[in-house]
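The values are calculated or read from the model by the stated rules, or taken from the named source; none is laboratory data. Quick caveat, the model's predicted, so the values are computed rather than measured. Because the Cβ atoms are built from the backbone with ideal geometry, glycine has one as well, and the counts that use them run over all protein chains shown.
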Amino acid sequence: MKVTLKDIARECGVSLGTASLAINNRPGINEETRRRVISIAEKNGYQPSMNARTLTTKESNLIGLLVPNLTNLVYATLVQGIEVAFRKIGYRMIIATTGNNEEYEKSMIEQFVSFRVAGVIMYPSIARIQNPHYLDILKKNGIPLLFLAGYYPDIEAPHCMSDIYRGIIELTSHMYYQGYRQFIYIGGCRDIVSNQMKIKGISECLLNYDMQFCDADYVELVQSDFHNAYEATVGLIASGRKFDAVITADAYTGFGVYNALVDNGYSVPQDVGVAHMDNLIERGICIIHMTCLEQNLAKIIEESVDMLMHMINNNEVSNIELETKLIVGESTLRES
């Protein structure tokens, strides 16, 4: 049977309030009583409720972290790095994966508040919402919010992310100068900020060369992964659609496109050039080295933790957008 604080107080012969003060290392009792309560609690394996403790002290060393999932390598890398960084400075994490579910995201925000987390980091990914009103509860409770790798446009909160817009322009220009003219982008929901930046970057870059990037040139996947990218590419081929350049959301979608093209008799990069976002997969996994746009995830992690700590300490912070790095591989280098 679970040992409660009431059990500890009874065995020590003290009031419940005195036992609580001792367990939570609060002033108001003598040291002998404190030591006796803690000793009996340890003997009985008592673990104080974090919720009860934070309600008593009005403070915690918890950070809430929300991401869409942990199957995407970018999300998983960010989560692991952020957790390690906060652990080094004495904080613990409550991590939740939203699955792009608005109701669940709302419920987890409320849960974070109930645990009186010191701050929240959120990777915004819910499709087609600009102003999730449920985030207001954080501000009302004095809990700072930091957006990671994107943001909700109508929510006033700082963000830390890659400068995707400038990076995708650099990537598109590289492919243009390799002779590619008919561009396709394959990725997730087009309405989230990070994908809007990609659309804007590709569109404005191609306009400089008197070319257009249309709505139909953005292939929206239910989920950005190998299988969905493979099937989408097969569908493009079957439709008779003309294209010679594909940029994808991440490495796995890039590999899905590459395999679908090769399986259907296309040569990469001669017939179609393929490039992807991120650089988290070992190059030997794919038969050719893929061109990619590398995000500095280590720096994003470092800056995000630093920003949130400044916010927890009531200091103002500014948005951070970090440079990306174009890594050119064989998948976009046509023979001269």
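Structure values in brief
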| item | result |
| --- | --- |
| Single condition residue 195 does not satisfy, out of (1) modelled with pLDDT under 95; (2) part of a loop (DSSP other than H, G, I, E, B) | (2) |
| Residue list for the range 312-326, filter: over 17 Å from residue 201 (Cβ atoms) and not in a loop (DSSP other than H, G, I, E, B) | 312, 320 |
| Filtered residue count, the range 82-94, keeping only those that are surrounded by fewer than 19 Cβ atoms within 10 Å (Cβ to Cβ) and within 11 Å of the chain's Cα centre (by Cα) | 0 |
| Residue within the range 201-218 that is closer than 16 Å to residue 247 by Cβ and in a strand (DSSP E or B) present | yes |
| Test for residue 258: is it at pLDDT 95 or above, aromatic (Phe, Trp, Tyr) and assigned to a helix (DSSP H, G or I) | yes |
| Complete set of residues in the range 228-242 that are among the aromatic types (Phe, Trp, Tyr) and in contact with a Phe, Trp or Tyr (Cβ under 7 Å, 6 or more places away or on another chain) | none |
| Count of the range 204-229 residues which are touching a residue at least 12 places away in the same chain (Cβ under 8 Å) and under 24 Å from the mean Cα position of the chain (by Cα) | 11 |
| Matching residues in the range 147-165 - criterion: being without any contact (Cβ under 8 Å) to a residue 40 or more places away in the chain and outside any strand (DSSP E or B) | 154, 155, 156, 157, 165 |
| Single unsatisfied condition, residue 293 versus (1) assigned to a helix (DSSP H, G or I); (2) in contact (Cβ under 8 Å) with a residue 60 or more places away in the chain; (3) closer than 20 Å to residue 180 by Cβ | (1) |
| Qualifying residue in the range 182-189 (condition: buried (at least 23 other Cβ atoms within 10 Å of the Cβ) and assigned to a helix (DSSP H, G or I)) | no |
